[in-house]
There are 2 protein chains.
Amino acid sequence: MPDIKHFDPDATLETVVRLFWRQGVASTGIQDIVTATGLNRSSLYATFGGKQELYLAALSRYVERRSQPVFRRLAADERGLPAVGEFFDGLIRARCSGEYARWGCMVSNAHAGAENGDPEVGTVLDRHHQELRDALYAALVKAEAHGQLAPGTDPGAAADLLALLAYGVNLRSRGGADAGSLSVTVTAALDSFSA
Amino acid sequence: MPDIKHFDPDATLETVVRLFWRQGVASTGIQDIVTATGLNRSSLYATFGGKQELYLAALSRYVERRSQPVFRRLAADERGLPAVGEFFDGLIRARCSGEYARWGCMVSNAHAGAENGDPEVGTVLDRHHQELRDALYAALVKAEAHGQLAPGTDPGAAADLLALLAYGVNLRSRGGADAGSLSVTVTAALDSFSA
DNA sequence: GCTATCTTGGAACGGTCGTTTCAAGATGAA
DNA sequence: TTCATCTTGAAACGACCGTTCCAAGATAGC
C-alpha cells in the first residue's frame, strides 16, 4: 500500500561516496549532500539515518565497489610479479589522472580523519588492510612459484611492505606527487624483489 | 607604553599543535582551542589571525620542532643503515606508544585533509617530503660507502621507497596497527637492502 | 599619577551545523 | 475510489561555527 521511493538509493550513495572521498566527512555538510544528490533531508534521513551512518555506508560501498574488485583481480591473477606491477600502475593512474585525480584513497583518507575513533570505521580500515595484504601475498606466492622472486625473498614480508607502500602512494598522490616519480619508486621496489 | 601579552604564544601554539594533530583541523573548533589554551578569542585572533593561519602556524611548528630535528639527526648520522633502522624504530615507538600514540603524523594527516588544497599547506607537505627523502638518502649514501648495501642497490631509489613507507607507517599506526607488525615489516625492508 | 597603547574578557554577529517535525503528496492493495 | 502507509517538501529546531566588536583592564614611558 505504501508509497515507494522516488529516487535510487544506490545512485545516491555513490554520489555521497564521491563527496566524502574528495572532501572528507568533517568538511562535507548535510547541505552539500542535499545539493549534490538533489533529494531532501527527509528522504536522506529516512533512508540512511544520520551523517555517521551515511559515512559508514559510503565507506563500505567504496571498499566493496572500488577496492575489493581490484584486490580480487590481483589475487586471482596467475602471472605473479607482472600482476603486482599492473596493480600499482593502475593505482597510480587512478590516483593521479582521470575523474578521481588527487582524491587519494577514501580508506587511506579515513585513517587520518577523526572518525577512525569509531570502532565500526576502525573495523573497515583493518579489514581493508588485511585484504590488500592478502591479495599482494597471493600474487607474490605465484611469483615465487614461477621463479620470479629474488632468492631469499619472503612473499609475506614483501606483501606487508607493498601494502604500506600503497598507503604512501595514496597519501602522496593526494598531496600532489606526480605520477612519474611515484611510478619510478614503485618500479624500483618491485625490481628489488625480482629475480 | 602598551600592555604586554599575558600569556606565552609559544606554549599556546604547542597546545594548538596537539589539538590539530590529534583531531584534525576540520574537527577542531575555535572553542576547543579557547578551552585548551585558557585564553580568549580576542587574544587568539590578535596574535595568530584566523583559524587557517593558526593551522598553518601549527603545521609549520610541527615540522620545525618534531620532524626536522629527527631528519637532521638522521642525515648527520655517520653509521649508515643502523641510523635508518633507528629512525624507523623511533618513528614506530612514537606513533604507537607514549603521549602521541595513535595520533599519526600531523603532516601525513594533512595530506588526507581538505586543507591540502591551500597552496601554502601544499608547499609545507612537499617540502616535508623532500626533507624526509633527503635525510634518508644521506644516510643511505653513507651506508653505501660503508659497504652495507646489497650490490646493485640504488640509494636514491631506496630513499624514495623508505619515504613512502614512512607515510604508510604513519597512516596505519593511526589506524591502530600494532608496533610489532610494523616493526617486522620495516626491518624486513631494510634487510632487503642490506649486504 | 597621568596617559597613550595594547591586551583582555565577554557578548554578540550572521551563518551553518546535524537533526526533527509535520502537513501535503504519492502510491498500490482492497 | 477509498484508505492506510510511506515519501516528500519545507520550515524550523537548538547548538555550534569562525569572526568581530567594544568596553574594561593592564602596562610602561612621561
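Residue-by-condition table, conditions (1) among the basic types (Lys, Arg); (2) within 11 Å of another protein chain (Cβ to nearest Cβ); (3) in contact with a helix residue (DSSP H, G or I) (Cβ under 7 Å, 6 or more places away or on another chain):
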site	(1), (2), (3)
A:Gly98	no, no, no
A:Gly117	no, yes, no
A:Ala135	no, no, yes
A:Ala163	no, yes, yes
A:Phe193	no, yes, yes
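Condition check: assigned to a helix (DSSP H, G or I), modelled with pLDDT of 95 or more and open to solvent by 30 Å² or more (accessible area, probe 1.4 Å). Does A:Arg95 satisfy that?
No.
Please tell me if A:Gln52 is under 21 Å from the mean Cα position of the chain (by Cα), more than 9 Å from DNA strand C (Cβ to nearest atom) and either loosely packed, with under 14 Cβ neighbours inside 10 Å or within 14 Å of chain B (Cβ to nearest Cβ) (or both).
So A:Gln52 fails the test.
Residues in segment B:45-65 that are within 11 Å of DNA strand D (Cβ to nearest atom) and touching a helix residue (DSSP H, G or I) at 6+ places or on another chain (Cβ under 7 Å): B:Phe48, B:Lys51, B:Leu54, B:Tyr55. Of the residues making up segment B:7-30, those that are surrounded by 19 or more Cβ atoms within 10 Å (Cβ to Cβ) and of a type in the set (Val, Ile, Thr) are B:Thr12, B:Val16, B:Val17, B:Val25, B:Thr28.
A:Ala101 meets the conditions (1) open to solvent by less than 50 Å² (accessible area, probe 1.4 Å); (2) part of a loop (DSSP other than H, G, I, E, B); (3) within 16 Å of DNA strand C (Cβ to nearest atom) in every case but one. The failed one is (3).
Residues of segment B:30-44 include at least one that is hydrophobic (A, V, I, L, M, F, W, C), more than 8 Å from DNA strand D (Cβ to nearest atom) and at pLDDT below 95. For beta carbons closer than 8 Å, sequence separation of 6+ or different chains, a first residue in segment A:53-74 that is under 22 Å from A:Asp118 (Cα atoms) and a second that is at pLDDT below 95 and crowded, with 20+ Cβ neighbours inside 10 Å, the qualifying pairs are A:Tyr55/A:Glu115. Pairing each residue of segment A:1-28 that is within 25 Å of A:Gly176 (Cα to Cα) with any residue that is outside any loop (DSSP other than H, G, I, E, B) and within 12 Å of DNA strand D (Cβ to nearest atom), provided the two are 6+ apart or on different chains, yields C-beta distances under 6 Å for A:Thr15/A:Thr37. Being under 21 Å from the mean Cα position of the chain (by Cα), open to solvent by less than 20 Å² (accessible area, probe 1.4 Å) and in contact (Cβ under 8 Å) with a residue 40 or more places away in the chain is the requirement here; does A:Leu182 meet it? Spelling it out, A:Leu182 is indeed under 21 Å from the mean Cα position of the chain (by Cα), open to solvent by less than 20 Å² (accessible area, probe 1.4 Å) and in contact (Cβ under 8 Å) with a residue 40 or more places away in the chain. Restricting attention to segment B:33-48 and to residues that are near DNA strand C (Cβ under 9 Å from one of its atoms), of a type in the set (S, T, N, Q) and farther than 14 Å from B:Asp10 by Cα, the residue that is nearest to the other protein chains (Cβ to nearest Cβ) turns out to be B:Asn40. Collect the residues in segment B:165-179 that are assigned to a helix (DSSP H, G or I) and either open to solvent by 20 Å² or more (accessible area, probe 1.4 Å) or more than 7 Å from every other protein chain (Cβ to nearest Cβ) (or both), keeping them in residue-number order. Selection gives B:Ala166, B:Asn170, B:Ser173, B:Ala179. Screening segment B:154-195 for residues that are polar (S, T, N, Q) and at pLDDT below 95 and picking the one that is nearest to A:Ser108 (Cα to Cα) gives B:Ser192. Condition check: hydrophobic (A, V, I, L, M, F, W, C), within 16 Å of DNA strand C (Cβ to nearest atom) and open to solvent by 40 Å² or more (accessible area, probe 1.4 Å). Does A:Ala58 satisfy that? Criteria not met by A:Ala58.
The values are calculated or read from the model by the stated rules, or taken from the named source; none is laboratory data. Since we're looking at a predicted model, the values are computed, not measured. Positions of Cβ are backbone-derived with ideal geometry, glycine not excepted, and every protein chain shown enters the neighbour counts. Side chains included, ligands, DNA and RNA excluded: accessible areas come from the protein's heavy atoms. Shrake-Rupley method; radii C 1.70, N 1.55, O 1.52, S 1.80 Å.
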